[in-house]
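Report on the following structure.
The values are calculated or read from the model by the stated rules, or taken from the named source; none is laboratory data. Bear in mind the structure is a predicted one, so any value in this text is a computation, not a measurement. In this analysis, Cβ positions are derived from the backbone assuming ideal geometry, glycine residues included, and neighbour counts consider all displayed protein chains.
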Amino acid sequence: MKLLDSIKAAFKDSTTVDITVSESMDETEYLLSSKANREHLERSMKQAEEGDVVVFTLEELQNKYGK
């Protein structure tokens, strides 16, 4: 009820207000939602597990790509 009262107070001058409630997809679910994304993520995770990574310090990253 507090939520509804807050909405009513915020839109007291409006004649109608539409409210939509939907389930949101978390980031992992989204990344795994398509075959291409899932395959890319799996390859990247495998590379990281095998130590095939590139490491930058923050300073190196800023110098290379800007602040």
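The set of residues in the stretch 34-48 that are of a type in the set (Gly, Ala, Ser) and surrounded by 11 or more Cβ atoms within 10 Å (Cβ to Cβ) contains only Ser44.
Just to be sure before I move on: is Val53 of a type in the set (Val, Ile, Thr) and modelled with pLDDT of 90 or more in the structure I sent? Yes.
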